[in-house]
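Enquirer: I am attaching a structure below and will ask some questions about it afterwards.
No lab work stands behind these numbers, since they all come straight from the coordinates. Keep in mind that this is a model prediction, so the values were computed, not measured. Neighbour counts run over all protein chains shown; Cβ positions are idealised from the backbone, glycine included.
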Amino acid sequence: EVLAVALQQLSDQPKIAKMLMRTVIMSLNAWEGLRGFVCNTVLMKMVGKRVWGAEKMVWEGFVRVLT
């Protein structure tokens, strides 16, 4: 729950942080139970922020989480 709150706060930032996707990937590796929350909340917010126009590293992390 604490990890989910932290991810939500990071995803609520107006600009996508460079290390957000790294944090998401590491969180999912540690706790697979977060996948539903990440897909339904964090990734949806990133779509709203047009993640495909973000830095290459962020976009690659986004795609990696989806696969």
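Enquirer: Of the conditions (1) surrounded by 12 or more Cβ atoms within 10 Å (Cβ to Cβ); (2) in contact with a Lys or Arg (Cβ under 8 Å, 6 or more places away or on another chain); (3) without any contact (Cβ under 8 Å) to a residue 40 or more places away in the chain; (4) not hydrophobic (A, V, I, L, M, F, W, C), Ser27 clears all except one; give me its number.
Expert: (2) is the only condition that Ser27 fails.
Enquirer: Can I ask one more? Taking region 29-58 as the region of interest, how many residues are within 18 Å of Ile16 (Cβ to Cβ) and over 11 Å from the mean Cα position of the chain (by Cα)?
Expert: Total satisfying the criteria: 9.
Enquirer: Restricting the search to region 9-23, which residues are more than 13 Å from Gly48 (Cβ to Cβ), among the polar types (S, T, N, Q) and loosely packed, with under 14 Cβ neighbours inside 10 Å?
Expert: Gln9
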